Ligand code: ADP
């Protein structure tokens, strides 16, 4: 496997290109018109244009991606996460074109993609699932009957679900019919499949997932857990490893369940078994058949490079470790840095990144996909990059993350950096008291503090200077007029990398 086409963009494309380079593999990037100057397109050995900015005309165009693969002589395709990563027809098309798909087979993706099928499979394999049905419900009458026998509250979920769509809670019998119909309608329009099943709604669970790694010789190991309970509308914001909730015995049992789950579908490559955990019990939620955003926290506590091993497994190598040889050291935390304003309900923010200063020092890692000068639009996911830290203890990792967030300076679009700083200082987080309701339980974390007059004046001055600079950029260049550097240094001075004024 001498060359890999990376069918993705942003931080994950950069991450995969780096792993390819370390293994001596030629990296082939693809990009949309919005990404012609993006870091992933610049960093790869080659970069090929796919089409216009909308992902439906670029990163989701299977025909164009396969065409680039053929013309560039790619031996394999890495899908990253999102976009085409969990689409079985894409995995099949890649294989049929005679290329290696860096991920599981189309059959495995199909099997785990349908939630009722996955639940049946897991139940047969002896992995505990969230109580509920393993068959779609035939109608609202059946939903009512099943809910009555299970007890409220219940969760109605789309069998074809993903991204939190087609999911409705019903707290009591009055709500069940309406919830069933709403979930079915949403599922039909999002996935073209309105099948709905029912699960017991857990009231204060944690989201804890286990990283697994399999090879094509029948070996499967797990690499421990990640705690991903801090979520906003089912989207993860902060992840850490290990979970502050697990004792060694539960960790061992969850790890074994995850390996059983992966073996049940002959899993090869990197995958994640997601569980809900409540009061010491854990339940299979779903399997993600790809690399995950939060994989670095696992890498930092195990010393195993997951993307490197995806590539090695794809070229037929054997995993070199037995389960006992995988050990965990220290604590890692990841904060997802998105172009969203946490104080405005995480409203997406757009604009040009005018200034970017990244943290460094011991135990700090930045997996990013942006540079200064780049335009952040609305075409893609708002993830700009991930700030990840490691320290010997959880307390040490929290302090290190606070320090690193304080060094992070990005001017031009809003980010959620201040939100993360507040989480790192928040008492329940520091005590490890987490659940998927964390944000509801701590509304103060997404509420802007009152600004002082001097902060407001500073923000107003910065806005004026940025606007002046934007106008200067739009104006035709004046011959012999220097660089217009005064305003730039003014606003750079206005934004110390510390404090909240960014
Ligand atoms: P999707 O594939 O649409 O993301 P998941 O099944 O992975 O859906 O669930 C997403 C999130 O929804 C979970 O991380 C959890 O926060 C919540 N959730 C899912 N099932 C339950 C349940 N039975 N009880 C409580 N919360 C749940």
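Within region 83-98, how many residues are in a loop (DSSP other than H, G, I, E, B) and either in contact (Cβ under 8 Å) with a residue 40 or more places away in the chain or buried (at least 21 other Cβ atoms within 10 Å of the Cβ) (or both)? Walk me through how you get there before you give the answer.
Narrowing region 83-98 to residues in a loop (DSSP other than H, G, I, E, B): 83-87, 97-98.
Narrowing the set further to residues that are either in contact (Cβ under 8 Å) with a residue 40 or more places away in the chain or buried (at least 21 other Cβ atoms within 10 Å of the Cβ) (or both) leaves 83-86.
Total meeting the criteria: 4.
Mind checking which residues of region 111-147 are within 11 Å of the ligand (Cβ to nearest atom) and at positive phi? The answer is 132, and nothing else. Scanning region 431-468 for residues that are free of Cβ contacts under 8 Å to residues at least 60 places away in the same chain, within 20 Å of residue 229 (Cβ to Cβ) and outside any helix (DSSP H, G or I) yields 433, 442. Determine which single condition residue 202 fails, assuming it passes every other condition in (1) at pLDDT 95 or above; (2) within 15 Å of the ligand (Cβ to nearest atom); (3) out of contact with any strand residue (DSSP E or B) (no Cβ under 7 Å at 6 or more places or on another chain). Of the numbered conditions (1) at pLDDT 95 or above; (2) within 15 Å of the ligand (Cβ to nearest atom); (3) out of contact with any strand residue (DSSP E or B) (no Cβ under 7 Å at 6 or more places or on another chain), the odd one out for residue 202 is (3). Of the set (1) loosely packed, with under 15 Cβ neighbours inside 10 Å; (2) at pLDDT 95 or above, all apply to residue 102 but (1).
Within region 119-141, can one find any residue that is under 18 Å from residue 283 (Cα atoms), without any contact (Cβ under 8 Å) to a residue 40 or more places away in the chain and not assigned by TED's automatic domain parsing to the domain that holds residue 236? Can you show your working first?
The initial filter retains those residues of region 119-141 that are under 18 Å from residue 283 (Cα atoms), namely 119-135.
Restricting the remaining residues to those that are without any contact (Cβ under 8 Å) to a residue 40 or more places away in the chain gives 120, 123.
If we keep only those that are not assigned by TED's automatic domain parsing to the domain that holds residue 236 as well, we get 120, 123.
Yes, region 119-141 contains a residue that is under 18 Å from residue 283 (Cα atoms), without any contact (Cβ under 8 Å) to a residue 40 or more places away in the chain and not assigned by TED's automatic domain parsing to the domain that holds residue 236.
The number of residues in region 235-258 that are surrounded by fewer than 21 Cβ atoms within 10 Å (Cβ to Cβ) and in contact with a helix residue (DSSP H, G or I) (Cβ under 8 Å, 6 or more places away or on another chain) comes to 1.
Consider residue 222 carefully, then state whether it is within 10 Å of the ligand (Cβ to nearest atom) and crowded, with 22+ Cβ neighbours inside 10 Å.
Details: within 10 Å of the ligand (Cβ to nearest atom): no; crowded, with 22+ Cβ neighbours inside 10 Å: yes.
Here the answer is no, as residue 222 does not meet what is asked.
Annotation: of all residues in region 164-197 being in contact (Cβ under 8 Å) with a residue 40 or more places away in the chain and surrounded by fewer than 18 Cβ atoms within 10 Å (Cβ to Cβ), the one that is farthest from the ligand (Cβ to nearest atom) is 181.
Got a sec? Which of 309, 366, 321, 277 is in the same structural domain as residue 421 (by TED's automatic domain parsing) and under 16 Å from the mean Cα position of the chain (by Cα)? So that I can check it myself, show each step before the final result.
Values: 309 fails: under 16 Å from the mean Cα position of the chain (by Cα); 321 fails: under 16 Å from the mean Cα position of the chain (by Cα); 277 fails: under 16 Å from the mean Cα position of the chain (by Cα).
Within the list 309, 366, 321, 277, the selection yields 366.
When residue 240 is tested against (1) within 15 Å of the ligand (Cβ to nearest atom); (2) touching a residue at least 60 places away in the same chain (Cβ under 8 Å); (3) within 21 Å of residue 442 (Cα to Cα), only condition (1) is not met. Taken together, 227, 274 contain a single residue that is within 14 Å of the ligand (Cβ to nearest atom) and buried (at least 22 other Cβ atoms within 10 Å of the Cβ), which is 227.
Residues in region 465-500 that are within 25 Å of residue 416 (Cβ to Cβ), surrounded by 12 or more Cβ atoms within 10 Å (Cβ to Cβ) and at pLDDT 50 or above: 465, 466, 469, 470.
No other residue among 148, 143, 125, 158 is more than 30 Å from residue 79 (Cα to Cα) and either modelled with pLDDT under 95 or crowded, with 22+ Cβ neighbours inside 10 Å (or both) apart from 143. Checking residue 353 against (1) out of contact with any helix residue (DSSP H, G or I) (no Cβ under 6 Å at 6 or more places or on another chain); (2) surrounded by fewer than 16 Cβ atoms within 10 Å (Cβ to Cβ), which test does it fail? Against the list (1) out of contact with any helix residue (DSSP H, G or I) (no Cβ under 6 Å at 6 or more places or on another chain); (2) surrounded by fewer than 16 Cβ atoms within 10 Å (Cβ to Cβ), residue 353 comes up short only on (2).
Among residues of region 148-163 that are within 7 Å of the ligand (Cβ to nearest atom), those with a beta-carbon under 9 Å from a residue that is in a loop (DSSP other than H, G, I, E, B) at least six positions away or on a different chain give the pairs 155/130; 155/201; 155/202; 157/166; 162/86; 163/234.
The values are calculated or read from the model by the stated rules, or taken from the named source; none is laboratory data. Keep in mind it's a predicted model, so treat the numbers as computed, not measured. Neighbour counts run over all protein chains shown; Cβ positions are idealised from the backbone, glycine included.
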